[in-house]
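The block underneath contains the structure these notes are about, expressed in structure tokens.
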Amino acid sequence: MKRMLSIVLLTTLSACTWVKMDEGAGQIRVAEGSDLSACENKGTVTASVRSKVGFYERKDMKVEEELETMARNSAVEAGADTIQALSEIADGEQKFGMYRCR
């Protein structure tokens, strides 16, 4: 019974989004393979979330969404309007560039 409860709890938690989007972050553009040379570089940010909860591996898509949300939140604070992934996701971390293009 305890084991079943643990499994249900972990499954429920894995579906939760722990990172909330800040005001204005929804307006941040995510550039994929774009030429950003005409944009002002506003710096980089390394976003980090849990990729595991106990022994349970979180879904890659959920981790990716949360990392992007964290990068968008940071971009708002930096005065950027565009982000671009600069690295692959590794152990729940990903590096993003922040740019002002508009």
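The values are calculated or read from the model by the stated rules, or taken from the named source; none is laboratory data. Only a predicted model underlies this, so the values are computations on that prediction, with no experimental measurement involved. Every residue, glycine as well, gets a Cβ built from its backbone with ideal geometry; the counts of neighbours run over all protein chains shown.
Kindly establish whether Gly97 is surrounded by 17 or more Cβ atoms within 10 Å (Cβ to Cβ) and either in contact (Cβ under 8 Å) with a residue 60 or more places away in the chain or part of a strand (DSSP E or B) (or both). So Gly97 fits the description; yes.
A count restricted to the range 25-47 and to residues that are surrounded by 13 or more Cβ atoms within 10 Å (Cβ to Cβ) and closer than 19 Å to Leu67 by Cα stands at 11.
Any idea which residue in the range 49-66 is surrounded by the most Cβ atoms within 10 Å (Cβ to Cβ), counting only those that are in a strand (DSSP E or B) and of a type outside the set (Ser, Thr, Tyr)? Step by step, filter the range 49-66, then rank; the result is Val53. If the condition is being outside any strand (DSSP E or B) and either touching a Cys at 6+ places or on another chain (Cβ under 9 Å) or under 19 Å from Asp35 (Cα atoms) (or both), then the range 79-94 contributes Ala80, Asp81, Leu86, Ser87, Glu88.
Does Val76 qualify as being assigned to a strand (DSSP E or B) and touching a residue at least 24 places away in the same chain (Cβ under 8 Å)? When the stated conditions are applied, Val76 does not pass them.
All of Thr46, Thr69, Thr11 fail the test of being over 11 Å from the mean Cα position of the chain (by Cα), hydroxyl-bearing (Ser, Thr, Tyr) and either in a helix (DSSP H, G or I) or at pLDDT 85 or above (or both), apart from Thr11.
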